[in-house]
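A.B. asks: Here's a structure for you.
The values are calculated or read from the model by the stated rules, or taken from the named source; none is laboratory data. Bear in mind that the values here come from a model prediction, so they are computed numbers and not experimental data. A quick note on method: Cβ atoms are made from the backbone with ideal geometry, for glycine too, and the neighbour counts reach across all protein chains shown. For the accessible areas, the whole protein counts, side chains as well, though only heavy atoms, and no ligand, DNA or RNA atoms are used. Shrake-Rupley method; radii C 1.70, N 1.55, O 1.52, S 1.80 Å.
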Amino acid sequence: MEKLANDEAIILEEFEKFVNDLENEMNYLVRKLNIWIEEHKHAMKDIIKYITNPINSLLLIKRTTVDVDLIHSRLLSTFYRFKQKIAKLQPTTEDFSGAVDGLLRLQSIYKLQTSDIVNGVIDGEQVSEKMKSHDLLSIATHAMTLEKRNFFIDEYSRELKRSISENGDEFDEIDQQHLYHLELSNLNTTKINPYSMNDFPKNGIYSLEKEEILYSKMCRKEGLKSPKESAALKCRYLSISAFSKIAPYKIEEADHHSNLVIFHEIISDSEIEILKNISRQKLTRGEIYENDLQRAKTFKRVAKVAWLKDEESEVVSRISKRVEDMTGLSMKTAEDLQVQNYGIGGHYNPHWDMTLKRDGHKWTNGNRIATVLFYLSTVDKGGATVFPYLKVHVPAVKGTAAFWYNLRESGDDDYYTRHAACPVLIGSKWVANKWIHEHEQEFRRPCLVEKYIETSESETMSNVF
Ligand SMILES: O=C(O)CCC(=O)C(=O)O
Ligand SMILES: [Fe+2]
C-alpha cells in the first residue's frame, strides 16, 4: 500500500499530461470543425454542381469517413498513451473487490457500523474523510459480486441514497445503470444483520457459519475461557535446555489441551528488523493449500509471505536454534521460516496447520507436529490469533511467540488446534512461522505446560464442528 500511495503521485502526473494532451486535441477538433463547417457551407451553395465534380465528391466522402476515423484514432491513442503509462502501477479490479471484502469483513467481525465507516469513524476516532456518493456506489456494486455480503449492499445503498439527497450529486448514464442493478439486487436478496447475530442462523441466506461466528466473537475477545477455566493456567519460567537453565524462558500457559503456550520477550527488536528487511524484497501474495493440495490464492488468506532459509542469514539460523531450544524439538525436519505481512483487513480464516490424516499429507518428513508463531509487530487494533475451540485469543505483541502441538501424542490430528488470524483493523501485522515435523521427534516431544491434562472427550471432528 505504501508503494501504491507513492505511485499515485506518478499516476496523477500522467493524468495531468493526459488532460493537457486532451486540451491540445480539443484545439485540433475545434479547428477541424470550423474547416468542415466552411466546406459544408460551400457544398450547400449548389449541391448538384458540387457533387458532380469528381474532386468534391471524393472530398465529401473523405470528410465523412477517413476524417472521422482519424478523430477516433487520435482520441483513442491519446487515452491509450495515458493508460499504458500507468498500467504497471495500477492494482486490478480484483484487488478492489478484495479491499471491499476486507472492509465488510472488518465491519462484521468488529461490529463496525456502516454509518460510522461512511463518516470516516473507526472506534469513535475520526480516521478519514467522509465518503463521497461515488465511493459508496463503487463499494455497493462490488459488494454485489461477493459472497455473504448481502446485508451490506442494503446498508451501503441506504447511505448512498442519503448522500445523494444531501449533496444533490448527479450521476451519468453508466452510474444510473449501476444504481438500477443495486435496486434490483436489494429486492431479490434476504439479509440477516451480522451485527445482531449471536447464534447460528437456521435458514439464513446470509449464513455466517457457526465457526465464523465463533471466530468473530474470539476476535472481539468475547466468549473466551471463564476465570474457572483459566484458573489452572500459569505464567512461569521454563528451563528445559542447558541454555535456558541460565536464562529461563518466560512463558504463559494459554491452554492445556493443545499444550498452547506464549513465550514472552523471545525475539529482540534488532533480530526482528533484520528478518523484516530480508523478507521485504521477497514478499508475495500468500497461497494456501486447498484440500486437493493445489496451491490457490483466495480471500481466505490475505497476507504476503516470504520463506527464509537458515543459510540466508545468521539471524534466521539463530532463530531455528532458538526454536529447538524453546521447544526441545529437533529442527532437522522443520520447514524454512515463513515470514508473513498482513495489511489492513489482512487475515487468515480458520484452518489447521497440519494436513488431516483423512486427506493424507505430501510431506516426506511426517506431518506438521507443532507450530511456533513469532509476532514481529504489535498491532494497534485487531490482528490477534484466535483458537475458537480452545477459547483462546492471542494478541499480536512484538517479541512474543505462540507454540502448540498440532498432533496428539498418539500422532492423531488435534482438531482443537484450529486457529485463525483476525483481520487487522488498524496497523500492520508481521509474524514468522516455524513448522516442525514429526520425523526426528520420536524421543523428544516435551510437554511445555505444567500438567498435561488429557481430556476425556473423544476427539472426533464432530466435537469441533
Ligand atoms: O498470523 C497469525 O496470527 C496466524 C498465522 C497462521 O496461522 C498460519 O500462517 O498458519
Ligand atoms: Fe496457522
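A.B. asks: Might you let me know whether segment 150-162 holds any residue that is at pLDDT below 85, open to solvent by less than 40 Å² (accessible area, probe 1.4 Å) and among the polar types (S, T, N, Q)?
C.D. replies: Yes - at least one qualifying residue is present in segment 150-162.
A.B. asks: Same structure, new question: Give me the residue from segment 413-434 that is within 23 Å of MET326 (Cα to Cα) and in a loop (DSSP other than H, G, I, E, B) and, out of that set, nearest to ligand 1 (Cβ to nearest atom).
C.D. replies: ARG418
A.B. asks: Something else about it: What are the pairs with Cβ atoms under 8 angstrom where one residue, in segment 437-457, is closer than 14 Å to ARG408 by Cβ and assigned by TED's automatic domain parsing to the domain that holds TYR405 and the other, located anywhere, is surrounded by fewer than 14 Cβ atoms within 10 Å (Cβ to Cβ) and modelled with pLDDT under 70? Sequence gap at least six, or different chains.
C.D. replies: Pairs that qualify, where the first residue is closer than 14 Å to ARG408 by Cβ and assigned by TED's automatic domain parsing to the domain that holds TYR405 and the partner is surrounded by fewer than 14 Cβ atoms within 10 Å (Cβ to Cβ) and modelled with pLDDT under 70, are GLU457/ASN463.
A.B. asks: Okay, next question. Which of the residues spanning segment 323-354 are touching an Asp or Glu at 6+ places or on another chain (Cβ under 9 Å), closer than 16 Å to TRP404 by Cα and more than 10 Å from ligand 1 (Cβ to nearest atom)?
C.D. replies: LEU329, SER330, MET331, ALA334, MET354
So that you can scan it fast, the table gives a plain yes or no per residue for (1) crowded, with 20+ Cβ neighbours inside 10 Å; (2) at pLDDT 95 or above; (3) within 30 Å of LYS381 (Cα to Cα); (4) of a type in the set (D, E, K, R):
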| site | (1), (2), (3), (4) |
| --- | --- |
| ILE288 | no, no, yes, no |
| ALA303 | yes, no, yes, no |
| ARG318 | no, yes, no, yes |
| THR327 | yes, no, yes, no |
| GLY360 | no, no, no, no |
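A.B. asks: Just to verify a result, which residue in segment 392-408, among those that are within 15 Å of ligand 2 (Cβ to nearest atom) and part of a loop (DSSP other than H, G, I, E, B), is nearest to CYS219 (Cα to Cα)?
C.D. replies: The extreme case among them is ALA396.
A.B. asks: Among the residues of segment 26-39, write down those that are open to solvent by 80 Å² or more (accessible area, probe 1.4 Å), among the aliphatic types (A, V, I, L, M) and farther than 26 Å from GLN90 by Cβ.
C.D. replies: LEU33, ILE35
A.B. asks: Sticking with this one: Would you pick out the residues in segment 117-137 that are over 13 Å from ILE164 (Cβ atoms) and surrounded by fewer than 19 Cβ atoms within 10 Å (Cβ to Cβ)?
C.D. replies: Across segment 117-137, the qualifying residues are ASN119, GLY120, VAL121, ILE122, ASP123, GLY124, GLU125, GLN126, VAL127, SER128, GLU129, LYS130.
A.B. asks: Only residues that are outside any helix (DSSP H, G or I) and surrounded by fewer than 20 Cβ atoms within 10 Å (Cβ to Cβ): list them for segment 257-283, please.
C.D. replies: HIS264, GLU265, SER268, GLN281, LYS282, LEU283, listed by residue number.
A.B. asks: Taking segment 392-406 as the search range and keeping residues that are among the aliphatic types (A, V, I, L, M) and surrounded by 18 or more Cβ atoms within 10 Å (Cβ to Cβ), which one is nearest to ALA254 (Cα to Cα)?
C.D. replies: Among residues in segment 392-406 that are among the aliphatic types (A, V, I, L, M) and surrounded by 18 or more Cβ atoms within 10 Å (Cβ to Cβ), the one nearest to ALA254 (Cα to Cα) is VAL392.
A.B. asks: Every residue in segment 362-391 that is within 12 Å of ligand 1 (Cβ to nearest atom), open to solvent by 10 Å² or more (accessible area, probe 1.4 Å) and either not in a loop (DSSP other than H, G, I, E, B) or not assigned by TED's automatic domain parsing to the domain that holds LEU407 (or both), please.
C.D. replies: ARG368, LEU373, GLY382
A.B. asks: Right, another one. Taking the stated definitions as given, is GLU23 over 30 Å from ARG280 (Cα atoms), loosely packed, with under 11 Cβ neighbours inside 10 Å, acidic (Asp, Glu) and more than 49 Å from the chain's Cα centre (by Cα)?
C.D. replies: Here the answer is no, as GLU23 does not meet what is asked.
A.B. asks: Restricting attention to segment 407-420, does a residue exist that is under 27 Å from the mean Cα position of the chain (by Cα), under 25 Å from ILE272 (Cβ atoms) and open to solvent by less than 40 Å² (accessible area, probe 1.4 Å)?
C.D. replies: Looking through segment 407-420, at least one residue is under 27 Å from the mean Cα position of the chain (by Cα), under 25 Å from ILE272 (Cβ atoms) and open to solvent by less than 40 Å² (accessible area, probe 1.4 Å).
A.B. asks: Of all residues being out of contact with any Lys or Arg (no Cβ under 9 Å at 6 or more places or on another chain) and closer than 27 Å to SER317 by Cα in segment 331-355, which is most open to solvent (accessible area, probe 1.4 Å)? Just the residue, please.
C.D. replies: The qualifying residue most open to solvent (accessible area, probe 1.4 Å) is LYS332.
A.B. asks: Let me ask something else. Identify, from the list ILE47, ILE86, ILE109, the residue that is more than 27 Å from the chain's Cα centre (by Cα) and hydrophobic (A, V, I, L, M, F, W, C).
C.D. replies: ILE47
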